[in-house]
Structures are given as C-alpha cells and as structure tokens.
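All of the numbers you see were taken from the coordinates with simple rules; none came from a lab. In this text the structure is predicted, and so the values were computed from the model without any measurement. Cβ placement follows ideal geometry from the backbone for every residue including glycine, while neighbour counts extend to all protein chains displayed.
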Amino acid sequence: MSTKVAIVYHSGYGHTAVLADKVAQGVRDAGQTPVVLPIESATQDFKPILDAITEADAVVFGAPTYMGDVSGVFKVFADATSAVFFTGGWKDKLAAGFTNSHSFAGDKGHALASLTILAAQHGMNWVNLGVAPPAVTAAERGPETINRVGSFVGVAAQSDNASPEITPPAGDRETARLLGVRVAEAAVRWTRGAQPALSDAA
Ligand SMILES: Cc1cc2nc3c(=O)[nH]c(=O)nc-3n(C[C@H](O)[C@H](O)[C@H](O)COP(=O)(O)O)c2cc1C
C-alpha cells in the first residue's frame, strides 16, 4: 500500500506553491502518494484539510515568510488545527516544512521554527532537510545550488520579485524535491515500524 504524504501550504503570490509542487514530485519519485492541499484563504472551511492530514502518514507544511513568520493565512489555519490538538489525532505522525521569502535570510528561520512548534504541539516527529549546506564559496553559490542559503531544519527558498515561473530558482526547487523524497522514505520506514505490539507499549 502506498504511503500518503499531505502537503499543506499557503502561497499569496505563487512562489511557495512552486515548492509545494516540487515536494509532491519528490514524494512521487520515492514511489509514494502526495496529497497536495493548498490553503486558499483565512475564511475557508479547514475541515477537509484537517481530515486529509489525519488520513496521511506524514505532512509537509509550507508557508511564505511574511514579516518574519509564517503568513497570516497559514497562521489562521494553524490555529484551526487546535480542533485536532484536543483529540491527539496527529500524535506520532511525521512532519516537515518549507518556506520561501525575498531576502536570503529574511527571518525565514523564524517561520520554519513556527512550523516545527506546530508539529511539536501535535506530538508529531520532525523530519529535517538532511541536505548539507553547499561546500562552495559564497561567490560560487548560484541559482542551481542545492540548499543555497544553508538551512538544516527545512527548505528555505529565496524568490526575487518576479514571476513564479522563473523564481525561486532551480536549486531551491530541487531542494524542495529532495525534501519530498526524504519525507516519503522516512514515512515508509515509520509506518512499517508501527506494529501493534510496539504501539501498545507506548
Ligand atoms: C506581507 C509581506 C511580508 C513579507 N515579509 C517578508 C520578510 O519578512 N522577509 C522576506 O525576506 N521577505 C518578505 N516578503 C517577501 C515574500 O516572502 C516573497 O515575496 C515570497 O516569494 C512570497 O511568496 P508567495 O508568492 O508564495 O506568497 C514579504 C511579502 C509580503 C507580501
């Protein structure tokens, strides 16, 4: 049976959505099933997304960095997950995350920290990026470089003020694909290990 990875993200202007598509491609490349769930607005009914995460084996959260944190729309969604918090419905699920902003730093780390805390509050287990920062000089880092800004906790992409067709660049897209592969492979191992005897001992 295929392992399901939910990819839940907000993107105000389409750049973070590019990364979501690449994470999904990575999940498919690992032979597993991505379930792509865009958050369209702060006023939508979040229940279908919450239910889809509950059904998935792992979830990858994505949000653009706005004012040094996840976007407000994503935060409204995060608050809505409190409905699941009270049931412990996502405990022991795997989680990971990605963000994207205009600046190289741009306080993206703070947005990724918010995603890890969201996962931790639900008792989920965080899967980090697992891609070493580039072993080249800063001058040698180009748009094709994987993990260009050198993030550990998740994907930290950088987009210019241009169309999502051309930015974020190829290296950031590939970094997002690699996160999808990593989460899917981790989820396969994690669900295989969830034998009843082990669960009963928890
Ligand atoms: C309200 C707002 C706040 C932003 N704050 C930041 C920020 O704190 N750091 C940064 O580097 N870029 C910031 N940006 C730039 C966005 O992160 C950047 O345009 C990103 O590519 C948008 O992603 P999206 O197209 O998925 O919405 C901000 C943009 C907006 C609209």
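Some notes on this structure:
- Fraction of antiparallel bridges per DSSP, the chain only, in percent to nearest 5: 5
- Net +/- balance of residues flanking V36 in space, Cβ distance below 12 Å, scoring K and R +1, D and E -1: +2
- Sorted peptide list for 146-155, 163-172, criterion being average Cβ within 10 angstrom, highest first: 146-155, 163-172
- Summing Cβ point charges (Lys, Arg +1; Asp, Glu -1) relative to the Cα centre of the chain gives a dipole of roughly 320 debye.
- Nonlocal amide H pairs with Y66, under 5 Å, H built at 1.01 Å: S71
- Which of K47, K108, K91, K22 has the fewest Cβ neighbours within 10 Å, and the rest in rising order: K47, K91, K22, K108
- FRET E, pair K91, Q44, Förster distance 22 Å, beta-carbon r, rounded to 0.05: 0.30
- Computed from backbone phi, the HN-Hα couplings of the range 106-111 come to x, 6, 4, x, 5, 5 Hz, rounded to whole numbers (Karplus: 6.51 cos²θ - 1.76 cosθ + 1.60, θ = phi - 60°; Gly and Pro given as x).
- With θ taken as phi - 60° and the Karplus curve 6.51 cos²θ - 1.76 cosθ + 1.60 applied, the whole-hertz 3J(HN,Hα) list for the range 120-132 is 5, 5, 8, x, 7, 9, 7, 9, 7, 5, x, 10, 4 Hz, x standing for glycine and proline.
- Using the Cβ-Cβ distance between D51 and A113 with R0 = 35 Å, the FRET efficiency computed as 1/(1 + (r/R0)^6) comes to roughly 0.85.
- The radius of gyration of the Cα set in the chain, together with its Dmax, comes out at 16.2, 53 angstrom.
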